[in-house]
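Colleague: Below you'll find the structure I mean.
No lab work stands behind these numbers, since they all come straight from the coordinates. What you see is a predicted model; the values in this text were computed from it and never measured. Don't worry about glycine lacking a Cβ; one is built from the backbone with ideal geometry, like all the others, and counts go over all protein chains shown.
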Amino acid sequence: MTMDTAATDDDNTIQQQSTGSVTSSTYSVTPVDSLHQKENKEPNSLDEEDTETIRESLSEGIRNPGWLTVLGTFIINFYTWGVLVSWGIFQVLYLDVYAGQTDEFRIAFVGTSASAIVLGMGLVSPWLVRYLGFRGMVAIGAVLCPLSMVLASFANELWMLYGTQGAMLGIGVGLCYTGSSTLPSYYFKRLRAFATGIAASGTCLGPMVFSPVIETLILHLGYRNALRVLGGIGIVLTGAGTILIRTRGISLHADQQQQDQQKTFDDRSNNTNMFNWSYNFYLLHSFLAPFGYVAPIFLSPSYASAIGASPELASLCLSIVEGANGVARILFGWLGDHGCGRMNVVIATTFASGVFTMTLWQEANTVPVYMAYLVLFGLTSGVFSGLQPVIAAELVGYERIQQGVGLSYFLSMFGHLFGTSIVGMLHLDTGAWLAPILFAGTMTLAAAFAVLITRILICRRVFVRL
């Protein structure tokens, strides 16, 4: 996997002298690490330990250009996932607009196909990065997302929605997401999970904000003008995000990667085959976890209504979950960097999410209990997704970050595509919520055990930050 980069100091190019030695760092050298290694080479002024301390401080501080990348990625995620996840609002509306042309099952595939395309893009993202570059992918996606909204406003047949709010939006969000989600990892070491968590929180906070905004726009302007306004907002936000992200200095050339080889955990990055058992079980986690994550979120308004919640409160369920999810990604990202370790955080939160689903949701026969479940579920369920780029990259090595993360995203696609449908069919077949709850909880607990096996294969000691 390659990407053209400028070879100047201002571009933060990673250049190390070919000494034949491998450094003791457990992570690949970031562009900022390399930059400050050059800036702090002042002979006779500081001893080696002091120089290293200053370098580490600068590489994680405000001068790190990676913070602009974090902000840009957050803005892009905020808009793209905001309009993508808010599809449910349009789905209810389109049942009336396209009455006679569709039903609930067929119209639902417009939104689910878009979500599936987003994660399916992970399979081709290494090739796209090679030929388009990170910024090129994001820039194309930044055009397609707003354009899909505008074109959908002129649709008068169902197949047009599949092409605009389905395929075009999915491709646009996929280019933006797979092209930017790994970028913060290149600029940080100590704060890698925290920075990635901030960027990923946009995928949760966006839907929380856009859901009520879209409802208001439709109420006052009509759905066609609402789509056009969303397109205009998208041009501004995705354009700003594309400008803010920094990709210069992120070199993926093979010769430079040979110089930058670093040990990740137990030398997995130096293994010619990235499909070791620890990574394979993590891929199993990536496949299983979305089956227990997506359905409880998207079915929350239906369940709230079934137990007596008002229509207004039921419509807020999605915002409650996504808001808690966004806070959790930042909080647990920081905890993963400074506390118990990133993989330990994923194990604990995924397991807790499964327990909450199997116990608290199953007993949530009143609105207050169900609201408590939504908050706890939101605080634990989506943490795995925010840390997905970091952990996958650490398992396969940062020279293979795009392949490792892309495959993990691709396997997550199946849960997003079929998870809600399976839970919905279980509810229809049994006429009760017990079977859907048990399915979602079981898949989540199975995902927790899969990543636990990954943890054991790496290190059997319990009290180790990993």
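Colleague: Could you compute the FRET efficiency for Arg63 and Ala240, with r as their C-beta to C-beta distance and R0 at 35 Å, rounded to 0.05?
Modeller: 0.95
Colleague: Same structure again: So if I take the centroid of the Cα atoms in segment 187-235 and the same for segment 398-416, what is the distance between those two points in Å?
Modeller: Taking the Cα centre of each part, segment 187-235 and segment 398-416 sit 23 Å apart.
Colleague: Can you give me the distance in nm between label points at Leu438 and Asp96, each placed 7 Å from the Cα along the Cα-to-Cβ direction?
Modeller: 3.9 nm
Colleague: On to the next question. Where the centre of each part is set by its Cα atoms, how far does segment 166-180 sit from segment 342-389, in angstrom?
Modeller: So the separation of the two Cα centres works out to 27 Å.
Colleague: Relative to the present Cα-Cα distance, how much length would full extension add between Arg461 and Thr430 at 0.36 nm per residue of separation?
Modeller: Length gained, Arg461 through Thr430: 6.8 nm.
Colleague: What do you get for chymotrypsin sites (Phe, Trp or Tyr not before Pro) in segment 339-415 restricted to DSSP loop and a cutoff of at most 15 other Cβ within 10 Å of the site's Cβ?
Modeller: none
Colleague: Once you sort the root eigenvalues of the Cα gyration tensor of segment 322-400 as a ≥ b ≥ c, which label holds: rounded (a/c under 1.5), prolate (a/b larger than b/c) or oblate (the other case)?
Modeller: Prolate shape, in that a/c is at least 1.5 and a/b is the bigger ratio.
Colleague: Any idea how far apart Val355 and Ile307 come out in nm if each label point goes 7 Å out from Cα toward Cβ?
Modeller: Each label point is offset 7 Å from its Cα along the Cβ direction, giving 1.9 nm.
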